[in-house]
1. In whole Hz and in residue order, list the ³J(HN,Hα) couplings for the range 10-16 that follow from phi through the Karplus curve 6.51 cos²θ - 1.76 cosθ + 1.60, θ = phi - 60°; x for Gly and Pro.
2. Over the chain, calculate the relative contact order: mean separation of alpha carbon pairs under 8 Å at least 6 apart, over the residue count, as a percent.
3. Given the DSSP H assignment, sum -39500 (n - 2.57) over each helix run of at least 4 residues in the chain and divide by its residue total; what's the result at 222 nm in deg cm²/dmol, nearest 500?
4. Counting only protein heavy atoms and a 1.4 Å probe, tell me what percentage of the range 23-79's accessible area is made up of carbon and sulfur.
5. Take peptides 62-68, 5-11, 29-35 and line them up by average Cβ neighbours within 10 Å, highest first, as a rough protection proxy.
6. Which value, in debye to the nearest 20, gives the size of the charge dipole of the chain about its Cα centre, when Lys and Arg are +1 and Asp and Glu are -1 at the Cβ?
7. Work out, step by step, the length gained on full extension between residue 64 and residue 5: first 0.36 nm times the residue separation, then minus their alpha carbon distance; give nm to one decimal.
8. Give the separation of the Cα centroids, the range 1-29 to the range 43-67, in Å.
Amino acid sequence: MKTMTCKQLGGACDTEFHANTFDEMAEISKKHGMEMFQAGDAEHLKAMNDMQELMKSPGAMNEWFDNKRKEFDALPGTN
Ligand SMILES: [Zn+2]
């Protein structure tokens, strides 16, 4: 298992997510983001807007994901 925080994944809080793969991590983070979005959390809404701005540039999303995947891979994992 590896741990990343909401902030590390482009979010707004220090909530920790635990997953074995980066894809799993991205899923959990996305779900958390949706929950915060539905709750109308201002910090998360802002983080999401920033993310959407970033995604407007071509290739930015892939680049962002690649970087996060590398970050995830570099983390010390625990079984
Ligand atoms: Zn969060």
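The values are calculated or read from the model by the stated rules, or taken from the named source; none is laboratory data. Keep in mind that what you see is a predicted model, and the values were worked out from it rather than measured. Note that each Cβ is placed from the backbone with ideal geometry, even for glycine, and that neighbours are counted across all protein chains shown. Just so you know, the surface numbers come from the protein's heavy atoms only, side chains and all, with ligands and any DNA or RNA stripped out. Shrake-Rupley method; radii C 1.70, N 1.55, O 1.52, S 1.80 Å.
1. Using θ = phi - 60°, the values come out as x, x, 10, 10, 9, 4, 9 Hz.
2. It rounds to 34 percent for the chain.
3. -19000 deg cm²/dmol
4. 54 percent
5. Peptide ranking by packing, descending: 5-11, 29-35, 62-68.
6. Computed charge dipole of the chain: roughly 80 debye.
7. Result for the pair: 19.7 nm of gain on full extension.
8. If you average the Cα positions of each part, the centres end up 16 Å apart.
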